[in-house]
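Student: Handing you this structure, nothing more for now.
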């Protein structure tokens, strides 16, 4: 059975900001890493893509992502903020006051 790591707080989503919580009991964190659990970068990117595909109802592709700090399942909720210009989305992911990832996406026609 598949369980989501990220849980979207739809009631706290706006056009520019989405709040999510992490399922700290997810089995991935027993392996990645037992003494210092972090969300794998690929899962973080997938969560970002899903959020924007859902909100734009269009396909989006990652241009780049810079990971600044690990995303931890035991800390505050994740906040995804964005700005859009033409077909490009710039995003910033924070956890508490700490920036954890930033990057850009392209929206397909």
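Student: For Cα pairs less than 8 Å apart in space and 6+ apart in sequence, what is the mean separation divided by the residue count of the chain, i.e. the relative contact order in percent?
Tutor: Values: 185 pairs, mean separation 27.1, N = 109.
After rounding, I find 25 percent.
Student: Between residue 85 and residue 30, what is 0.36 nm times their sequence separation minus the Cα-Cα distance? Round to one decimal in nm.
Tutor: Taking 0.36 nm per residue and subtracting the Cα distance, the gain is 15.8 nm.
Student: So how far apart, in nm, are the two label points at residue 67 and residue 92 if each is 7 Å from Cα heading toward Cβ?
Tutor: 2.1
Student: Separate question: Distances longer than 23 Å among the Cα atoms of the stretch 6-107: what percent of all pairs is that? Please report the intermediate quantities before stating the final value.
Tutor: Details: 1158 of 5151 pairs.
Every Cα pair in the stretch 6-107 considered, those over 23 Å come to 22 percent.
Student: When the helix-only estimate is applied to the chain (DSSP H runs of n ≥ 4, each -39,500 (n - 2.57), divided by the residue count), what is the mean residue ellipticity at 222 nm, nearest 500 deg cm²/dmol?
Tutor: Working: 2 runs with 20 residues, N = 109.
Roughly -5500 deg cm²/dmol at 222 nm, from the helical runs in the chain.
Student: Relative to the longest principal Cα axis of the chain, at what angle does helix 41-56 sit, 0 to 90 degrees, rounded to 10?
Tutor: 40
Student: Calculate the FRET efficiency for residue 23 and residue 49 from the Cβ-Cβ distance with a Förster distance of 25 Å, rounded to the nearest 0.05. Before the final figure, lay out the partial values.
Tutor: Details: r = 19 Å, r/R0 = 0.75.
The formula returns an efficiency of 0.85 here.
A short reminder: the numbers here are calculations on the coordinates, not readings from a lab. Since the structure is predicted, the reported quantities are computational estimates derived from the model, not experimental observations. Cβ atoms come from the backbone with ideal geometry, glycine included; neighbour counts cover every protein chain shown.
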